[in-house]
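Data first, discussion second: the structure below is written as structure tokens.
The values are calculated or read from the model by the stated rules, or taken from the named source; none is laboratory data. Bear in mind the structure is a predicted one, so any value in this text is a computation, not a measurement. Cβ: placed from backbone, ideal geometry, glycine included. Neighbour counts: every protein chain shown. For accessibility, only protein heavy atoms count, side chains too; no ligands or nucleic acids. Shrake-Rupley method; radii C 1.70, N 1.55, O 1.52, S 1.80 Å.
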Amino acid sequence: MWLRRRAKPAPAANADERPGESEEPPARGRQGTEEASPWVLRFAASVPPGARVLDVACGRGRHARLFAAQGCAVDAVDIDAEAGASLAEVQGVRFLCADLEGGPWPYGGRRFDVVVVTNYLHRPLYPLLCDALAPGGMLIYETFMSGHERFGRPANPDFLLRPRELLDVFGAVLAVLAFEEGVVSLPRPARVSRLCAVRAAGDAHLRLDAHR
């Protein structure tokens, strides 16, 4: 059963384990032709053509492809160079091979209308993700949380979100549109936490239909 929490002011609704990585599909570097996450699809529908999108730890680019197909200008980043090869022919996607955990943040000073993170966790990036949002920009985040270990990897608690962690971290600085925690069955059983929030611009947080 899902636990739904909404925060003011915008109520709505086979390698060793390493930080941020998971073997649960779709995983970093293994996304291939996996379908987009339903959570991402829910909010992608409101993103207009021409929006600037950043897909963090993009893997084979299922979400980069989704937003590019909508006419967005997409920057996709991953440590796996093969991910870039798989996106080379996708119009509207610019791929960067970078180590987000061992190297500098490659998007300093840049702002995006949408930042997407799925199946990836590296906590030092939290403030950088917020800073990468343009005024009115939207963060879509979904990854595994504590309790997932009974379904598979990642099982190390350091690589799993704590209960309410996304809400506590991002709800303090962004206007939360939707937040959920619970178990999903597809593509495989998993316990996840997911959030969508916007960086308020003026009265943007008061326009409740802005991201529907």
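Give me the dipole magnitude in Debye, nearest 20, for segment 47-166 about the Cα centre, with unit charges on the beta carbon: positive for Lys and Arg, negative for Asp and Glu.
Numbers: 12 positive and 14 negative charges, 59 e Å.
For segment 47-166, the charge dipole is close to 280 debye.
Calculate, for segment 80-212, the solvent-accessible area per residue in square angstrom, rolling a 1.4 angstrom probe over the heavy atoms of the protein chains. Show your work: numbers first, answer last.
Numbers: 6020 Å² over 133 residues.
Here the per-residue accessible area is 45 Å².
Could you sort H122, H148 by their accessible area in this structure, using a 1.4 Å probe and putting the largest first? Could you put the intermediate results ahead of the total?
Values: H122 35, H148 0 Å².
My answer, sorted largest first, is H122, H148.
Sort R162, R42, R194 by accessible area with a 1.4 Å probe, largest first. If you can, show how the numbers build up before the last one.
Working: R162 135, R42 95, R194 30 Å².
From most accessible down to least: R162, R42, R194.
Just to confirm a number: summing +1 for Lys and Arg and -1 for Asp and Glu over residues other than R62 whose beta-carbon lies under 10 angstrom from that of R62, what do you get?
Numbers: positive: R60, R65; negative: E34, E35, D55.
Summing Lys/Arg as +1 and Asp/Glu as -1 gives -1.
Please name which of F95, G109, L129 has its Cα lying farthest along the dipole of segment 94-148 towards the positive end, using unit charges on Cβ (Lys, Arg +1; Asp, Glu -1) and the Cα centre as origin.
Selected residue: G109.
Report, in cubic angstrom per residue, the convex hull volume of the C-alpha atoms of segment 54-159.
On the way: hull volume 11.8 nm³, N = 106.
Convex hull volume per residue, Cα atoms: 111 Å³.
Using a simple charge model, +1 on the beta-carbon of Lys and Arg, -1 on the beta-carbon of Asp and Glu, nothing else, what dipole does segment 132-193 show about its Cα centre, in debye to the nearest 20? It would help to have the intermediate numbers written out before the result.
Details: 6 positive and 7 negative charges, 41 e Å.
In total the dipole reaches around 200 debye.
Tabulate in residue order the Karplus-calculated ³J(HN,Hα) for segment 148-161, using 6.51 cos²θ - 1.76 cosθ + 1.60 with θ = phi - 60°, rounded to whole Hz; enter x for Gly and Pro.
Per residue, the Karplus-derived 3J(HN,Hα) values read 5, 4, 6, 9, x, 8, x, 10, 5, x, 5, 9, 10, 5 Hz.
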